[in-house]
Structures are given as C-alpha cells and as structure tokens.
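The values are calculated or read from the model by the stated rules, or taken from the named source; none is laboratory data. Quantities reported herein were computed from a predicted structural model and do not represent experimental measurements. All Cβ positions, even for glycine, are placed from backbone atoms using ideal geometry, and neighbour counts span all protein chains on display.
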DNA sequence: TGTTTGTCGATTGTCGACAATGATTACCCT
DNA sequence: AGGGTAATCATTGTCGACAATCGACAAACA
C-alpha cells in the first residue's frame, strides 16, 4: 500500500528492512516464522540480493536469526529471553542514568518535563501507542546523556527487542494514569541528583513495567507464568 | 591455511570475514583504512557479493563500520573508545561474575585452577601469546556461567574489540609474573563466594589491565614486551 | 519390514553485469 | 582568474542467473 518508489535517499535494502520490521511489529509476520528469500523478493518486487541485505540488517538488530543454509527466522521470545532482557535493561539503564546524572542541566529537565506532561495528556486520552512512544523518548533522552556510545547502542538494541515483544502482546495490563505517575517519579528521582536514589528508582520502575505491563506477578524462583495461548 | 578450494562447510563469506579479521589483527590492514569492495574481491578472488556479505559479518562484530554509499572502513579506536570499552567491560564482567558465583561448583574451580597453573608455566616461559589466550579463556569460562546469553554476547563482542586493540599495540607493558598473580587473586576472590568481594576484585583487575597492559600509567619494574609482527 | 542409498526439488550461496549515486575534474561564464 | 556548473569517473547498490547444498521421498537391498 505504501509505495516507496519515490526518491530513495536510503538504500533500498534499508527500506525493506524497515518495512519488514513494521510487518513483524504488526504481527503480519509471526515469531519464529521462516523468512523465505524468494518469497520476500517477489512480494517486495526486488531482487533476492536486496532481500538478503535487508535480512542482514535485521540480523544486526537481532530481530531475526539466520543459520547457514537453513534459512532465516524471526527471533522468538521465550520467558527466558524476557528475563534476560529485563536483567540487562536494568543493568544498562541504571548505569546510563547514573552516568547521565552529572550532565543533566536545567534545559534537560525542561525537555523531560515536557515529555512527562505530554504523557499526562495522552494518558487522559487513553492513547496507549502515543504513551509508549513517549516512554521510549523519555528513557532514551536520559540514556543519550551517558556519554558512552556502546551503552547507548546496547540500550537501543534492547529497546527494539522490547518493542517487538510488546507489540506481540494481546493486551496490556497497565493503567494509563499510573504510567504517567511512574515517569513523574522517575523525573523527581533525577532531580535529587543522588545516584543511588536514581538507580533504585530505575530498578523499581523496570520491575513496575515488568509486572504491570507484562502482567507478571512477583518473580518467583520458578517461572509460573502462563504465557501460552 | 590460505587456499580454500578444499571442501567448504561454511559459507565462503564467513571464511573471508575470518581472514579479513586476521588481516586486521596482523596489522596488514590499518585502523580506519577504507575497504574497497572491488579490490577485496580481486585479492580474495571472489565476487563482490561475497565480499559484501563478509563485510556485513564484520559489521555485526563491530570491526568495521560502513556508511551508505560512502564505503566501509575498519573501525578506529580512540582513547574515548578505549574508555568506553573498559567501562562497559567492568560493568558486564562484574555482573557476569557475580551472577556466575552461585553456579560455580568444585569442578569449575578445578578447571579455573588448571588454567591458572598453565598461566604460571607460560609466565615462566615468557610466552605472551599463550598467556593472552589463557586470560581470555579464564574470563570467558566464568562469564559463560552467568546464564544470560545477551550478557555473554556483549562480553564476546567486547573481547573481540579488546583483542583488536591489543593486537595493534606496539608493545605490552606487563610483567609476566604479576599477570599470573592477578588471576590467582581473582580465583581466590571467587572462592570466597562473596559477591561484593568478587565485584571489587574484578573491577580492580580490569583497572590493573588498563594500567599495566596498555601502559596508561608508568610501571617501574616491568619489562617492555615488543609486539611481534 | 526396516534400513540404506540415490535422485529430485527447494532454497541458500555465489557470480558477473548493469544502474544509481558521490566525488573529481574540466570547462565556461562573468 | 575565480567560482560555479557540467561532464567523467570511481564506487556502491541492485539485479537476474547459475552453482552448491540440504531435506524429503522413493527405490533397492537385507
């Protein structure tokens, strides 16, 4: 439907990769599904080489995995994957926030407050998608101040994976208002300029997201989460 | 070694990628050098498509960076990059070690002790290359127990980058014996099974490596080992 | 009947050629 | 002569075809 035969400034393979990503996010392509190069080439009306490059891009983003001579498949997310992602995100984000702390100026607080206020509006409008975008924006804004490109890159990679996972959930378990309050609290924590306070709040926030958004209860030693449909 | 007209079980592009990696490590290709697809294709006697795939593989490993329509270049390592890598390595490795702690059994300690003893031997033989391999082996062995594939993957990626950097140093500034002692101490720390002790020691160890191996601080009684080749 | 082996189709890997784009040079106009 | 513009050249992006390999099915053998 979206014809991209307009002026292409970006490589075609990149556009294809983006479209494929959207298709995965829109559940037009399921987890674990095999991505057949020839079929994709036909459906996108490009050559297989281009598809190949697009798949390599998605592989870098860890959205697909390809095994030699066995094809490439959309990455699957098990409970274990989710645990890993959350653990890593906690580690990376507490560090990034802590590192960003001394660099935060008034202007940054203003930007963050603007985002938070926008959240309040979208929460009242019950616009989940907008809220999610604002969420990403908020966290990414702070992480970006941490001055370590590798940490930022890892965060982005995690964000893509989280988004992919969220998009595949049938329903979200969060209340709109508490979502806004959470980020308000996060902002307040940042304003204390106290590293340990911030770290604690970030950790707390991620646990909150885990429990509320994903509908998980307390994390016990054994995983007792009925996730299968 | 060089002629790959034997039975290839792996994709040609992967072999090329490996060879390119070696070339970078052997300083046959310098940092920041442009990798011209047509030249590489000719020198490896394969098609440009294959070279392209190989470069994409190296891009995933972050050994090269490619800008659209501007070519791909060998990644450069500035002081800032080194700082970033060390910071990230400290974060990842303290976490991984700490997570691995409860999973370490007697058999693991045996394996680690074996590695450490081997280090002592190689230290006496002043075999730097073997020592370096044992070093990687030691750390990777523990990290592997942390039960988070994403953390392991990040660690591997860092290791590749560190190796790339080290290979380009003209000389090392470490004493062989202290190198062995460091890992012995690391092993002792692990045996305490105390998370904070381990984290502290790992942090300390990485700083040690930074200062000694990379010569960021002057070291009094150590030899300077020329980096052959 | 169960196992091995050979053949075939499907799919990925590799190739060389063409197209699009960026950089460089040569040229023209004032 | 200088600055801007058009021709050119080098290099990456894309293409369609061929080759190598894998998986499945069928045939031969015990």
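Across region B:37-70, the qualifying residues are those that are out of contact with any helix residue (DSSP H, G or I) (no Cβ under 8 Å at 6 or more places or on another chain) and within 9 Å of DNA strand D (Cβ to nearest atom), and the one among them that is farthest from residue A:60 (Cα to Cα) is B:39.
One line per residue, one yes/no per condition, for (1) closer than 21 Å to residue A:151 by Cα; (2) touching a strand residue (DSSP E or B) at 6+ places or on another chain (Cβ under 9 Å); (3) modelled with pLDDT of 90 or more:
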{"site": "B:140", "(1), (2), (3)": "yes, no, yes"}
{"site": "B:148", "(1), (2), (3)": "yes, no, yes"}
{"site": "B:153", "(1), (2), (3)": "yes, no, yes"}
{"site": "B:178", "(1), (2), (3)": "no, no, no"}
{"site": "B:194", "(1), (2), (3)": "no, no, yes"}
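Against the definition (within 11 Å of chain B (Cβ to nearest Cβ) and over 19 Å from residue A:143 (Cβ atoms)), how does residue A:45 come out, yes or no? Spelling it out, it is not the case that residue A:45 is within 11 Å of chain B (Cβ to nearest Cβ) and over 19 Å from residue A:143 (Cβ atoms).
Screening region B:122-132 for residues that are over 15 Å from the mean Cα position of the chain (by Cα) and exposed (fewer than 14 other Cβ atoms within 10 Å of the Cβ) and picking the one that is nearest to the other protein chains (Cβ to nearest Cβ) gives B:126.
Which residue is nearest to the other protein chains (Cβ to nearest Cβ), if the candidates are limited to region B:133-179 and must be more than 30 Å from residue A:87 (Cα to Cα) and in a helix (DSSP H, G or I)? The qualifying residue nearest to the other protein chains (Cβ to nearest Cβ) is B:166. Yes or no: region A:16-36 includes at least one residue that is near DNA strand D (Cβ under 10 Å from one of its atoms) and surrounded by fewer than 19 Cβ atoms within 10 Å (Cβ to Cβ). There is no residue in region A:16-36 that is near DNA strand D (Cβ under 10 Å from one of its atoms) and surrounded by fewer than 19 Cβ atoms within 10 Å (Cβ to Cβ).
Do we have residue B:182 as assigned by TED's automatic domain parsing to the domain that holds residue B:106, modelled with pLDDT under 90 and crowded, with 16+ Cβ neighbours inside 10 Å here? Criteria not met by residue B:182. When A:50, A:78, A:72, A:95 are screened for being more than 16 Å from DNA strand C (Cβ to nearest atom) and either away from every other protein chain (no Cβ under 13 Å) or at pLDDT 95 or above (or both), only A:95 passes.
Scanning region A:53-69 for residues that are over 16 Å from residue A:16 (Cα atoms) and near DNA strand C (Cβ under 9 Å from one of its atoms), which turns out nearest to the other protein chains (Cβ to nearest Cβ)? Ranking the candidates gives A:68 first.
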